[in-house]
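The structure under discussion appears below in the form of structure tokens.
None of the figures in this text is laboratory data; all of them are computed from the coordinates on show. Remember, it's a predicted structure, so these values are computed and weren't measured experimentally. Cβ sites come from the backbone with ideal geometry, for glycine too, and all protein chains shown count toward neighbours.
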Amino acid sequence: MQIKQVIIAHKSRDRLSQRWAQQYAREFERRGCQVLMGPSGAKDNPYPVFLASSSSPIDLAVVLGGDGTALAAARHLAEAGIPILAANVGGI
């Protein structure tokens, strides 16, 4: 599977997950992938914008945060069949 377009979502107002998201974005872009990135949280829902603004199929979603961030991604991306790679960042 060739990855051409990636969503990267990070936990809102969490600097550590945002830094990891930026690092992942740079690496995917270096490999020629288009990256859609934004915060996810109680007041931030990037998924409708990601899905509406995508000009080609989204191959992968990388979700950095906690359980709530991962569950939000699953709720919004499951219907589209987008695979999710979730990582707990900054949790105890």
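Going from the alpha-carbon gyration tensor of the chain, what semi-axes, largest first and in whole Å, does one get by taking the root of 5 times each eigenvalue?
Calculated on Cα positions only, the semi-axes equal 19, 15, 11 Å.
Full-extension gain between Arg19 and Ser55, please, as 0.36 nm times their residue separation minus the C-alpha to C-alpha distance.
Gain on stretching Arg19 to Ser55: 10.3 nm.
Need one number: % antiparallel among DSSP beta bridges in the chain, to the nearest 5.
Antiparallel: roughly 5 percent of the beta bridges in the chain.
Would you mind calculating the relative contact order of region 5-88 from Cα pairs under 8 angstrom and at least 6 residues apart, reporting the percent as a whole number?
Computed value for region 5-88: 36 percent relative contact order.
In a shell of Cβ-Cβ distance under 15 Å around Gly32, excluding Gly32 itself, what net charge do Lys and Arg (+1) and Asp and Glu (-1) give?
Value of the local net charge: +1.
Under a point-charge model restricted to the Cβ atoms of Lys and Arg (+1) and Asp and Glu (-1), what is the dipole moment magnitude of the chain relative to its Cα centre, in debye to the nearest 20?
Roughly 260 debye for the chain.
Near the amide H of Gly66, under 5 Å away, which other amide H atoms are found, from residues 5 or more places off or on another chain, if H is placed in the peptide plane?
Amide H neighbours of Gly66, under 5 Å, 5+ apart: Val89.
In region 5-88, with Lys and Arg counted as +1 and Asp and Glu as -1 at Cβ, which of these residues, Pro57, Ala78, Ile7, has the Cα nearest the positive end of the dipole, that is, farthest along it?
Ile7
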